[in-house]
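The values are calculated or read from the model by the stated rules, or taken from the named source; none is laboratory data. As the structure is a prediction and not an experimental result, all values here were calculated from the model. Note: ideal-geometry Cβ built from the backbone for every residue, glycine included; neighbour counts use all protein chains shown.
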Amino acid sequence: MTHWNRVTRSLLCTALVAACGGGSEPSQSTLPIEDTPAVSETPVTEPEPEPEPEPEPEPEPAKPAPTYRHGAFVWFEHWAKDAKESEKAQEFYSTLLGWDLNEAQMGEVTFTEIKHGDIPVGIFATPTDYKGKATWMGYVSVDDVDEAATLATGQGAVPIGEAMDVPDIGRVAHFRDGKKGAYFGLFKGANGDPPKREPSPGDFAWMELWVKNAKAKDPTVAQYAAFTGWVATPWGDAKVKYTMLANGEEMQGGVEVAKKAHDGRWVPYVVVDDVDDTVKSAKELKAKIVINPTDIPKVGRIAVVDDPTGATIGFLEPAAPEAPADDDDEAPEEED
């Protein structure tokens, strides 16, 4: 045992001396530890160039502020009591006027959008709580729906439900201008109103309020004036007794005394190429004539029918624009 301990100690001492560089002269190939250059275990590589910074995206141009046409009719809806009645109306108008119809969804409500070309102009709807006769409803642009609603009810208008917000569309409210009066809507668009443009065939061009008698005209007009700013102006001769409604110089509609069966409704007029042909086609599609084709001086040729659901619609063939006076046509002055 003593022998192995002696050997073990001898081996350990030898190993330590060798590790510390002692016990013998260093060979020619051996350098002291402190003079041995450090050798890197990994090769030295050139640093990668930093990537060029990506250009900052150009800021999006600021959206123009919404523009409005307060007091103008900017949207139109055909209301029916159920889907079957609405489908009948849709077939009639798409065939007669060439409107493009597309089904759309808003929340739980399904409706059919009316497009003239690429421009949406209205919808066919079957409101859940509406059980009245089919009718056309026009929406008037207002600055504040709730304020206009208060003014309307103060003048005797009857609310149809509560004012409500339609996501991404705007705020709306529905009314009748009396217990048995015409339906109308108030609208403040989230993105402004459609710009005014010259109507072409298939476009809505005019709105006419039909009242039961001359006595009812003034208070009804006063009701609308309270929240639209419309000014009523007599138009035509004593026999016509027509009233124009305008904001400044822009005409927004008219008021007409109608027969009892058709009083208490707004009648929209759509531009057509030929009133007589349109009425003939409408009759073939089961419409009933209310006003036969008639010429209105400086306005054009008009007609009115009840569509197959009973809603009243007018047609307008605008008069040709008057040619400007030609100076050459003036009579020459007589020489002395």
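If you scan the range 117-155, which residues turn out to be farther than 18 Å from TYR269 by Cβ, out of contact with any His (no Cβ under 8 Å at 6 or more places or on another chain) and among the hydrophobic types (A, V, I, L, M, F, W, C)?
VAL145, ALA148, ALA149, LEU151, ALA152
Is it true that ALA104 is touching a Phe, Trp or Tyr at 6+ places or on another chain (Cβ under 7 Å), within 16 Å of PHE76 (Cβ to Cβ), modelled with pLDDT of 90 or more and among the hydrophobic types (A, V, I, L, M, F, W, C)?
On the way: touching a Phe, Trp or Tyr at 6+ places or on another chain (Cβ under 7 Å): yes; within 16 Å of PHE76 (Cβ to Cβ): yes; modelled with pLDDT of 90 or more: no; among the hydrophobic types (A, V, I, L, M, F, W, C): yes.
The answer is no for ALA104.
Determine whether the range 319-328 contains at least one residue that is surrounded by 10 or more Cβ atoms within 10 Å (Cβ to Cβ) and at pLDDT below 95. So that I can check it myself, show each step before the final result.
Let us first name the residues in the range 319-328 that are surrounded by 10 or more Cβ atoms within 10 Å (Cβ to Cβ), namely 319.
Imposing the further condition that a residue be at pLDDT below 95 reduces the set to 319.
Among the residues of the range 319-328, at least one is surrounded by 10 or more Cβ atoms within 10 Å (Cβ to Cβ) and at pLDDT below 95, which makes the answer yes.
Can you tell me which residues in the range 223-275 are in a loop (DSSP other than H, G, I, E, B), among the β-branched types (Val, Ile, Thr) and modelled with pLDDT of 90 or more?
In the first step, residues of the range 223-275 are kept if they are in a loop (DSSP other than H, G, I, E, B); the result is 229-230, 236-241, 248-249, 258-259, 263-264, 272-274.
Next, only the ones that are among the β-branched types (Val, Ile, Thr) stay: 240, 272.
The answer is VAL272, and nothing else.
With the requirement that a residue be in a loop (DSSP other than H, G, I, E, B) and without any contact (Cβ under 8 Å) to a residue 24 or more places away in the chain, what does the range 191-219 give you? Full working, then the answer.
Of the range 191-219, the ones in a loop (DSSP other than H, G, I, E, B) are 191-203, 212-213.
ARG197, GLU198 - these are the residues of the range 191-219 that are in a loop (DSSP other than H, G, I, E, B) and without any contact (Cβ under 8 Å) to a residue 24 or more places away in the chain.
From the residues in the range 256-275 that are in contact (Cβ under 8 Å) with a residue 24 or more places away in the chain and surrounded by fewer than 15 Cβ atoms within 10 Å (Cβ to Cβ), which one is nearest to ASP177 (Cα to Cα)? Let's see the steps before the verdict.
Within the range 256-275, the subset in contact (Cβ under 8 Å) with a residue 24 or more places away in the chain is 256-258, 260, 262-275.
Applying the additional criterion that residues be surrounded by fewer than 15 Cβ atoms within 10 Å (Cβ to Cβ) yields 260, 273-274.
Values: LYS260: 16, ASP273: 33, ASP274: 33 Å.
So the residue we want is LYS260.
Suppose we filter the range 175-201 for residues that are farther than 20 Å from ALA65 by Cβ and among the hydrophobic types (A, V, I, L, M, F, W, C); how many remain?
Qualifying residue count, the range 175-201: 4.
Of the conditions (1) surrounded by 19 or more Cβ atoms within 10 Å (Cβ to Cβ); (2) touching a Phe, Trp or Tyr at 6+ places or on another chain (Cβ under 8 Å); (3) touching a residue at least 60 places away in the same chain (Cβ under 8 Å), PHE92 fails just one. Which one is it?
Going through (1) surrounded by 19 or more Cβ atoms within 10 Å (Cβ to Cβ); (2) touching a Phe, Trp or Tyr at 6+ places or on another chain (Cβ under 8 Å); (3) touching a residue at least 60 places away in the same chain (Cβ under 8 Å) one by one, PHE92 breaks only (2).
Somewhere in the range 120-136, is a residue modelled with pLDDT of 95 or more, surrounded by fewer than 20 Cβ atoms within 10 Å (Cβ to Cβ), touching a strand residue (DSSP E or B) at 6+ places or on another chain (Cβ under 8 Å) and not aliphatic (A, V, I, L, M)?
no
Is it the case that the range 104-118 has a residue that's in contact with a helix residue (DSSP H, G or I) (Cβ under 7 Å, 6 or more places away or on another chain) and part of a loop (DSSP other than H, G, I, E, B)?
Checked against the condition, which is being in contact with a helix residue (DSSP H, G or I) (Cβ under 7 Å, 6 or more places away or on another chain) and part of a loop (DSSP other than H, G, I, E, B), the range 104-118 yields no hits at all.
Only residues that are surrounded by fewer than 20 Cβ atoms within 10 Å (Cβ to Cβ), in contact with a Gly (Cβ under 8 Å, 6 or more places away or on another chain) and either closer than 30 Å to PRO308 by Cβ or at pLDDT below 90 (or both): list them for the range 137-166, please. Walk me through it before giving the result.
Here is the first cut: in the range 137-166, the residues surrounded by fewer than 20 Cβ atoms within 10 Å (Cβ to Cβ) are 143-144, 146-147, 150-151, 153-156, 158-166.
Those left that are additionally in contact with a Gly (Cβ under 8 Å, 6 or more places away or on another chain): 156, 158.
Selection gives VAL158 alone.
Checking THR294 against (1) under 21 Å from GLU77 (Cβ atoms); (2) loosely packed, with under 15 Cβ neighbours inside 10 Å; (3) of a type in the set (Ser, Thr, Tyr), only one condition comes out false. Which one?
Evaluating THR294 over (1) under 21 Å from GLU77 (Cβ atoms); (2) loosely packed, with under 15 Cβ neighbours inside 10 Å; (3) of a type in the set (Ser, Thr, Tyr) leaves (1) as the failure.
For the range 220-255, give me each residue that is free of Cβ contacts under 8 Å to residues at least 24 places away in the same chain and touching a helix residue (DSSP H, G or I) at 6+ places or on another chain (Cβ under 6 Å).
Filtering the range 220-255 for residues free of Cβ contacts under 8 Å to residues at least 24 places away in the same chain gives 225, 231-240, 242, 244, 246, 248-249, 251.
Result: ALA232, single match.
Looking at the range 64-83, is at least one residue at pLDDT below 90, under 30 Å from ALA246 (Cβ atoms) and among the small types (Gly, Ala, Ser)? Steps first, answer last, please.
Of the range 64-83, the ones at pLDDT below 90 are 64-66.
Still in the list and also under 30 Å from ALA246 (Cβ atoms): 64-66.
Of the ones still in play, those that are also among the small types (Gly, Ala, Ser) are 65.
Yes, the conditions are met somewhere in the range 64-83.
Taking the range 48-90, which residues are part of a helix (DSSP H, G or I) and of a type outside the set (Lys, Arg)? Quick ask: steps written out before the conclusion?
Just the residues of the range 48-90 that are part of a helix (DSSP H, G or I), to begin with: 83-90.
If the condition is that a residue be part of a helix (DSSP H, G or I) and of a type outside the set (Lys, Arg), then ALA83, GLU85, SER86, GLU87, ALA89, GLN90 are the ones that fit.
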